Amino acid sequence: MNSSIRESAIENAVNEVLQELINSEEKAKKLVSNTKYMLWLEEFTAKNHGFSDDSWLYDPEKLSAIDSENVHNLCSFFNGIAKYADNNFLPVYSEDAHESHVYIQFNGIGYEIGVVVGQGAYTYCQRLNIFSDKRFINFNDVVANKKQKNVDHINKQLNKLSASIHSLMDLGVPIKAITGTIEDALSN
């Protein structure tokens, strides 16, 4: 294979991956832009309190076409909520490096939605009671893209932290000393 054909093949592959990422992000935005998916999830979890997007791999005929499509969209839905959480400094919980989840609430019902990555990946949803030791994201806030009240204050504090780090670097403090201090502060 000559280099121009190889370069063209690489460029096409990169463009395909980028387009898939753009499409995935658009789907995530669409799923959290209104309550349609959430209303489906509310109805679906009334019968299936806990499920994952691979629960029906070997029995796809047990789901209607609409349920199958919506189960398949669970990962994009999670990504949309996680992006909202990240933008508003809301927790995305993680038990380890291979799993992360969010808690959301809608119509007085709580949900844990998460993704597990290993040799493969799957997304799961579990309907549960709302409890006070975890931060449940109000899904109506996600739909409205409501900026949480502490976002501006947090951004201001993070900017101060960044300025302090730059100041220390300008003084010649080794990066290892700075990161060590930050890690110590986080562990305490």
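Which numbered condition in (1) part of a helix (DSSP H, G or I); (2) modelled with pLDDT of 90 or more; (3) within 21 Å of residue 94 (Cβ to Cβ) is the only one that residue 130 fails?
(1)
List every residue pair whose Cβ atoms sit under 8 Å apart, with the two residues 6 or more apart in sequence or on different chains, where the first one lies in the stretch 141-154 and is surrounded by 11 or more Cβ atoms within 10 Å (Cβ to Cβ) and the second, anywhere, is aromatic (Phe, Trp, Tyr).
Taking only residues 6 or more apart or on different chains, the pairs are 141/84; 142/84; 145/84; 148/89; 150/89; 151/89; 154/89.
Check residue 51 against each of (1) assigned to a helix (DSSP H, G or I); (2) open to solvent by less than 50 Å² (accessible area, probe 1.4 Å) and name the one condition it does not meet.
(1)
Picking from 16, 69, which residue would you name as being more than 16 Å from residue 125 (Cα to Cα), without any contact (Cβ under 8 Å) to a residue 24 or more places away in the chain and either open to solvent by less than 70 Å² (accessible area, probe 1.4 Å) or not in a loop (DSSP other than H, G, I, E, B) (or both)?
Within the list 16, 69, the selection yields 16.
Would a scan of the stretch 31-44 turn up a residue that is farther than 27 Å from residue 118 by Cβ, out of contact with any helix residue (DSSP H, G or I) (no Cβ under 8 Å at 6 or more places or on another chain) and touching a residue at least 24 places away in the same chain (Cβ under 8 Å)?
Yes; the residues of the stretch 31-44 include at least one that is farther than 27 Å from residue 118 by Cβ, out of contact with any helix residue (DSSP H, G or I) (no Cβ under 8 Å at 6 or more places or on another chain) and touching a residue at least 24 places away in the same chain (Cβ under 8 Å).
Those residues that are β-branched (Val, Ile, Thr), surrounded by fewer than 20 Cβ atoms within 10 Å (Cβ to Cβ) and touching a residue at least 60 places away in the same chain (Cβ under 8 Å), I need them from the stretch 78-115; list them, please.
109
Suppose we keep only residues that are hydroxyl-bearing (Ser, Thr, Tyr) and open to solvent by less than 60 Å² (accessible area, probe 1.4 Å) within the stretch 116-131. Which one would you say is farthest from the chain's Cα centre (by Cα)?
124
Quick one: in the stretch 28-40, of everything that is out of contact with any strand residue (DSSP E or B) (no Cβ under 9 Å at 6 or more places or on another chain) and open to solvent by 80 Å² or more (accessible area, probe 1.4 Å), which residue is farthest from residue 67 (Cα to Cα)?
So the residue we want is 29.
The values are calculated or read from the model by the stated rules, or taken from the named source; none is laboratory data. All figures in this text were calculated on a predicted structure; none of them were measured in a lab. We place every Cβ from the backbone using ideal geometry, glycine too, and count neighbours over all the protein chains shown. Note: areas computed on protein heavy atoms with side chains; ligands, DNA, RNA excluded. Shrake-Rupley method; radii C 1.70, N 1.55, O 1.52, S 1.80 Å.
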